[in-house]
Structures are given as structure tokens and as C-alpha cells.
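First up is the structure itself, then whatever we jot down about it.
The values are calculated or read from the model by the stated rules, or taken from the named source; none is laboratory data. Not measured: the values here are computed from a predicted model. Cβ: placed from backbone, ideal geometry, glycine included. Neighbour counts: every protein chain shown. Heavy atoms of the whole protein, side chains included, go into the accessibility calculation; ligands, DNA and RNA do not. Shrake-Rupley method; radii C 1.70, N 1.55, O 1.52, S 1.80 Å.
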Amino acid sequence: MARRVAGPLGLLAGAAAAFAFVAAVDPNEPGHYPACPLLQYTGLYCPGCGGLRSAHAFAHGDLATALGANAMAVAGYVVFAALMLVWLVRAVRGVRFHLTVHPAAWWVFGTAGALFCVIRNLPFGAALAP
């Protein structure tokens, strides 16, 4: 059993450590994290802009601020948590976890990310900007 759950528990421990670090070191304070190069050189928000602020707010239980900083990142946290739960339950039951994503789904994810990136940089999409 210990060998079966080592993978999902190890990944969960790594994610928990990353969230704990971001929760402890506030990305809203200057000098702790590097600036986004795309934002710095072009003034445009990439899909990841606001992700650290989102993770910080999420780790502190402030869902509204997390969604305001980067809604796509919050959706990613939820998907990650669901996948980890499924993987862990299957590992405990001794069932192999194999994630297969249909190629069309990759197109949907990519299109959603591109739309998110474009809309958050337009005047009417300012609510999506960090």
C-alpha cells in the first residue's frame, strides 16, 4: 500500500510545500518574486499573470481575491485537487490511474487559455486582469 500511495502523496506534499511558501512569502510585496517578463516588456498580461497573488489569496482562504487575481489559476487548483483525489483513491484501492486527455480537449484548453489571455488585455475584460 505504501508504495502505491507514494506517488500521489509525494506530489501532494510538493504542491502543499509550494502553496505554503507562497502563503508565507507575500507576492504583493515587491522584491520577493521576479516580474513577469511579458508584462515587464510589453505591458500585456499573460495567462499566468496574477497566479502567485491568486495562490497566496487561495492559501489564505480568500476565494474572491484569488478569482480576481487569476480566475484561470483557481480553476486549475480545483482541477488539480480533483485529479489528485481520484489518483489517491485509486492508489488506495490498488487500481492503476491513467489519465488520457482527448486531443480535442487540448484544443479546448488552449483556446480557453488564449481567449482568457486576449480578453484580460482588452478594456472590457479589465475584470479578468490582476
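Observations, loosely collected:
- Residue count for segment 114-128, restricted to those that are open to solvent by less than 80 Å² (accessible area, probe 1.4 Å) and either closer than 16 Å to A69 by Cβ or outside any helix (DSSP H, G or I) (or both): 9.
- Across segment 88-108, the number of residues qualifying as assigned to a helix (DSSP H, G or I), of a type in the set (G, A, S) and out of contact with any Lys or Arg (no Cβ under 6 Å at 6 or more places or on another chain) comes to 2.
- Those helices (runs of 4 or more DSSP H) of segment 1-87 in which at least 2 residues are in contact (Cβ under 8 Å) with a residue 40 or more places away in the chain, over 18 Å from F116 (Cβ atoms) and open to solvent by 40 Å² or more (accessible area, probe 1.4 Å), considering only elements entirely within it, cover 2-24.
- For segment 98-117, the count of residues that are under 30 Å from V5 (Cβ atoms), of a type in the set (G, A, S) and modelled with pLDDT of 90 or more is at least one.
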